[in-house]
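To start, the structure itself, in structure tokens.
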Amino acid sequence: MFPNSILGRPPFTPNHQQHNNFFTLSPSLYSHQQLIDAQFNFQNTDLSRAVSLQQLTYGNVSPIQTSTSPLFRGRKRLSDEKNLPLDGKRQRFHSPHQEPTIVNHIVPLSGERRYSMLPLFHTHYVPDIVRGVPPFREIPFLEPREITLPEAKDKLSQQILELFEACQQQVSDLKKKELCRTELQREIQLIFPQSRLFLVGSSLNGFGTRSSDGDLCLVVKEEPVNQKTEARHILTLVHKHFCTRLSGYIERPQLIRAKVPIVKFRDKVSCVEFDLNVNNIVGIRNTFLLRTYAYLENRVRPLVLVIKKWASHHEINDASRGTLSSYSLVLMVLHYLQTLPEPILPSIQKIYPESFSPAIQLHLVHQAPCNVPPYLSKNESNLGDLLLGFLKYYATEFDWNSQMISVREAKAIPRPDGIEWRNKYICVEEPFDGTNTARAVHEKQKFDMIKDQFLKSWHRLKNKRDLSSILPLRTAILKR
């Protein structure tokens, strides 16, 4: 996506020792404010110095050997740029003072705590049994699991399958997003060398379509970050980096100062829209939880896709406009399949608690789906009947006033009394942190619109048994 000849640097070659042996720092070593402000003092420091650290020890273990090899051959890079076109040079040298790519400024630390680079990531973690495991390694590219699609013997089920096959995300779509993630990670590591960039959400959880945006999570440390201060500060630096260094490859970068701030941008090469957040680690965990459910039973993915298309068409699938997020919709489908008289899905968090523990380090979470075999349900309902049942369940059976949707428990449970759940019209429990994923639905008018659409679509589909009666198929396929 970002040709090395244009960027003016040689291809990045990971130092495997450096990837597998991460620097260990006490969480008390730096104050909260220093973690926000302490950055690179790059004006008079080249990259080869910026990435070198003192040897650091962990407990009684011998010092960790840190590589002194520069990430980039700084001096050589400058000479190579003589052969670049003028436009390429201007991207990097747009002032006579050669303002550096790294835009952070350090708050110097006194005495022995002063480093040329502040590691923002360390290996402290709650469970003793995993403290010796490096906090991050590259997660391998995940090919979609081969799964046989269900048979469709009736018209409605056949329509659902045809829509799914036309619109499901292809391997080529995923590879484009993964290529962009890889290149952006290299760029962001110029600012935060120990950070990692994760592809999350529908692109990786098995429920993506050909038009799905890409969601990225930038992890700079294992502890939570303050989204109002630290995350905004980090994203401000990333946004500036995108605008100054990558303007030829990234289009319309915008910093959105929401409750969970993001940088929105479009990759000109793949034409994919991306949202990038900081340290929303629960999003990494739930991506692989949903991926497990997606491939657990062959009716799950077609059903989820058609319901997302239906909700989008009827304008009830947009959290930014006070309706349901795609994540909430997926959890609602999974919950319905768990609560049938003969369940199609179990609670895999109950059956495999060790595979989906919040204590598992992030470089291991991608292994969880591999540990769960396919689920054999005695329920033989076809896709058409399941879609009808889903609409009926939320139109007539589910008690919105007193119940909460819980995929973790595989049942509807009483609403909690906490303030987060009061005066909320729809309550959908996040399986890892227990928050309400449907908190965006905070207006009665929007809630009534959602319920009304469930009821109308159920009646219409029950009478017609034709998917086009609730979803224009041609339009849905063209949008993909």
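Some values worked out for this structure:
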| read-out | value |
| --- | --- |
| Coil-residue trypsin sites (Lys or Arg not before Pro) of segment 201-255, DSSP, other Cβ within 10 Å capped at 14 | ARG210, LYS228 |
| Protein-only accessible surface order, largest first, of GLU223, GLU429 at 1.4 Å | GLU223, GLU429 |
| Backbone HN-Hα couplings from phi across segment 281-296 [Karplus 6.51/-1.76/1.60, Hz, Gly and Pro as x] | 5, 4, x, 6, 5, 6, 4, 7, 5, 5, 4, 5, 4, 4, 9, 6 |
| Span from the segment 155-211 Cα centroid across to the segment 263-314 one, whole angstrom | 8 |
| Relative packing of 434-446, 328-340, 188-200, which averages over residues the other C-beta atoms within 10 Å, highest first | 328-340, 188-200, 434-446 |
| Neighbour-limited loop hits for GluC sites (Glu not before Pro), segment 295-374 (at most 14 other Cβ within 10 Å; DSSP other than H, G, I, E, B) | GLU315, GLU354 |
| Cα gyration tensor category, rounded, prolate or oblate, for segment 236-275 with a/c compared to 1.5 | oblate |
| DSSP beta bridge pairing in segment 155-478, given as percent antiparallel to the nearest 5 | 75 |
| Computed magnitude of the charge dipole of segment 155-478 (debye, nearest 20; Cβ of K, R +1, Cβ of D, E -1) | 660 |
| Ordering of 369-377, 163-171, 403-411 by burial proxy (mean other Cβ atoms within 10 Å per residue, highest first) | 403-411, 163-171, 369-377 |
| Under-5 Å amide H pairs with ILE262, H placed in peptide plane, nonlocal only | ILE256 |
| Extension gain (nm, one decimal) between GLN403 and LYS456, 0.36 nm per residue minus Cα-Cα | 16.9 nm |
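The values are calculated or read from the model by the stated rules, or taken from the named source; none is laboratory data. Because the structure is a prediction, the values reported are computed rather than measured. With ideal geometry, Cβ positions are generated from the backbone for all residues, glycine too; neighbour counts draw on all protein chains shown. Accessible surface is based on the protein model in full, side chains and every heavy atom, while ligands, DNA and RNA are left aside. Shrake-Rupley method; radii C 1.70, N 1.55, O 1.52, S 1.80 Å.
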